[in-house]
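Each remark here refers to the structure printed beneath this line.
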Amino acid sequence: MTPRVRSLQGFHVAFVWLCAAIAGFPASVGCTRAAPTGAALPVALRASASDGVAGITRIAETANGGSWSLRGQRLEFADNFGEITADIDLGERGYGVGLRLAVDPYDQSAWLGTDIRLLLNFSTSGALLAGNSLTGDVDALAIALDQTPWVVSEGAVLHLSRSASVLETYATFAGTDVPVTGFVVDLKWLKDAIEHEVLWEFDHRHLNLEVREFADNKLIPTTENIAIAAWKRLEPAVSQAGGARLRRVRVYKTPEIFAEYRGEK
């Protein structure tokens, strides 16, 4: 049975949060940083860590003064008084080794990507709130102000719901850095191109009636055909801009099921 996909949403936001994940926004918008040493350690963590910073690989501070810390297979949360309220042995639970860490800007919960391709969400009490398996490694992770996670995985940008299911579909690009700017492609231009070529035509529309590729029974709007249609709309604009080429378009139905189109060989 072919999965049904009704619309594509949020392409441009994906690239905004891709930048957030790579550049490392402050913890208030859900990113993390490498573990500091000595006095640079957050107050909450200094108060709670009897063995100092030994073994800490990632730290994410919360808006209320608490801190999440990642030590290999152990994830801990210390509140603003230094009291540890969550101490999670990831290995014991079968979750693997934590690699990426980000904080929800509102409820202070932690999102964690592990080496066995799991994306997990823990409360400050240590309860598992959500989780899912991904098809690739978590290369970067950030949490948006609407509390939804954005993940970079194997060159693709994934937008997930608060329950960790994949919501949206994004194109990926390849090219050579421009020496002056350091960009493969200008993100403002890319945002506008995706909005104009795909979003305005596909989003919140009846695909069988309002989208030219599928109207009048030309094509059935399967996941595969939506990926091909999105490619054909984006590829000419990207090629004409120069400096980059469209590499692939993926349309996800579930975290495990997707259609990918890389153009005609």
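Residue check: is Ile228 within 25 Å of the chain's Cα centre (by Cα) and either of a type in the set (D, E, K, R) or within 26 Å of Ser163 (Cβ to Cβ) (or both)?
no
From the list Ala110, Ala63, Ala34, pick out the single residue that is modelled with pLDDT of 90 or more and among the aliphatic types (A, V, I, L, M).
After applying the criteria, what remains is Ala110.
Within the bounds of region 39-51, is there any residue that is within 23 Å of Thr148 (Cα to Cα), modelled with pLDDT under 90, over 14 Å from the mean Cα position of the chain (by Cα) and buried (at least 18 other Cβ atoms within 10 Å of the Cβ)?
No, that holds for no residue.
Out of region 96-151, which residues are small (Gly, Ala, Ser) and assigned to a strand (DSSP E or B)?
Matches in region 96-151: Gly98, Ala102, Ala110, Gly113, Ala130, Gly131, Ser133, Ala140, Ala142.
Would you please list the contacts, defined by Cβ atoms under 8 Å and residues six or more apart or on different chains, that run from a residue in region 221-237 that is over 13 Å from Glu264 (Cα atoms) and without any contact (Cβ under 8 Å) to a residue 40 or more places away in the chain to a residue that is in a helix (DSSP H, G or I) and of a type in the set (A, V, I, L, M, F, W, C)?
Arg233/Val198
With the checklist (1) modelled with pLDDT of 90 or more; (2) over 20 Å from Ala164 (Cα atoms); (3) part of a loop (DSSP other than H, G, I, E, B) in hand, flag the one item Ile56 doesn't pass.
The one condition Ile56 does not meet is (1).
Restricting to region 86-105, what's the tally of residues that are in contact with a helix residue (DSSP H, G or I) (Cβ under 8 Å, 6 or more places away or on another chain) and surrounded by fewer than 23 Cβ atoms within 10 Å (Cβ to Cβ)?
Matching residues across region 86-105 total 1.
The values are calculated or read from the model by the stated rules, or taken from the named source; none is laboratory data. Bear in mind the structure is a predicted one, so any value in this text is a computation, not a measurement. Don't worry about glycine lacking a Cβ; one is built from the backbone with ideal geometry, like all the others, and counts go over all protein chains shown.
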